[in-house]
1. Which net charge results for the neighbourhood of residue 142, defined as the other residues with beta-carbon distances under 10 angstrom from its beta-carbon, given Lys and Arg at +1 and Asp and Glu at -1?
2. Express the accessible area of the chain per residue in Å², computed with a 1.4 Å probe while the remaining protein chains stay in the model.
3. Could you tell me how many degrees, from 0 to 90 and to the nearest 10, lie between the Cα long axis of helix 138-159 and the main elongation axis, the longest principal axis, of the Cα atoms of the chain?
4. Helix 96-121 against the longest principal axis of the chain: what's the angle in degrees, Cα atoms only, rounded to the nearest 10?
5. Run the count for the chain, please: Lys pairs, Cα-Cα under 28 angstrom, 8 or more apart or on different chains.
6. Could you put 95, 188, 55 in order of accessible surface area, largest first, with the 1.4 Å probe and the full protein assembly present?
7. Mind grabbing the base-10 log of I(q)/I(0) for the range 146-202 at q = 0.22, 0.25 Å⁻¹? Debye formula, identical points on the C-alpha positions, no solvent, two decimal places.
8. Give, as a single signed number, the net charge of other residues whose beta carbon lies under 15 Å from the beta carbon of residue 177, with Lys and Arg counted +1 and Asp and Glu -1.
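The values are calculated or read from the model by the stated rules, or taken from the named source; none is laboratory data. None of the values given here were measured: they were computed from a predicted structure. Backbone-built Cβ (ideal geometry, glycine too); neighbour counts: all protein chains shown. When the accessible area is computed, the model is the full protein with side chains, heavy atoms only, and any ligands, DNA or RNA have been set aside. Shrake-Rupley method; radii C 1.70, N 1.55, O 1.52, S 1.80 Å.
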Amino acid sequence: MLEWISAHPLLMLLAGASIATFIWLMLARRRLEIKWYAAALIAVLHVLCGVLCVKLFAVAEAGFDFSQFSGQSLFGAVFFLPLFYYLGAKLFRRKPADVFDCFAVPMIFTLFCARISCLITGCCLGRQIPGSSMSYPTREAELIFYAVLLIILIPRVIKNTRRGTAYPIFLTAYGVFRFVCEFFRESKAGGVFHIAHLWAALAFIAGISLLLEINNRMGSAQVSHHTKHWRKTK
């Protein structure tokens, strides 16, 4: 049993991500209006959809070469999991802002687990530090990045601070982090810039655009509220 676990670290980490997601969804069940059995099912589906997204994105990056299905690109989860969030919100008549806020946390934690797998298996290394036999600790830096984001976002989601901004904040921060981090990572394509820089830039642009749109809506809602209040008191 122990030998099987040590031989399949990613599966064990994903199982842990499913359990953590279930616990989180139970904490957020009132906001999402779900029962415990729905939370359990969603937790498993969330991880399975995430795995499918990162593998399909890796295939797309390789020119839709399905022999690369064993690979993974974390940008797949970052870009495509939100489509499932939106569809789920519409299908089950939940407010998208609540769904995106609540699922931003398990998305980040699942990415955290996926990067731990990289440490265990020895993939996704940083470039070799000039004049040294060591590599840049890009994977470790990414784990710290996720941990800091979780520390920041979990209280915001629990307190429902600036509703609907958790995922855009993550997307913006992730875009900046990955764009810088990619300069220090190994790449099969070689050179200074590679395809991940493009995805990181798109993530940043999308995140900033969403935050601006949300801020504009909040501003308009506040103006409308004050106008109605002024008319009532007039």
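1. +3
2. 59 Å²
3. Orientation of helix 138-159: about 20 degrees from the principal axis.
4. For 96-121 against the chain, the angle is about 10 degrees.
5. The result is 9.
6. Per-residue accessible area, sorted high to low, gives 188, 95, 55.
7. -0.82, -0.94
8. Net charge around residue 177: +1.
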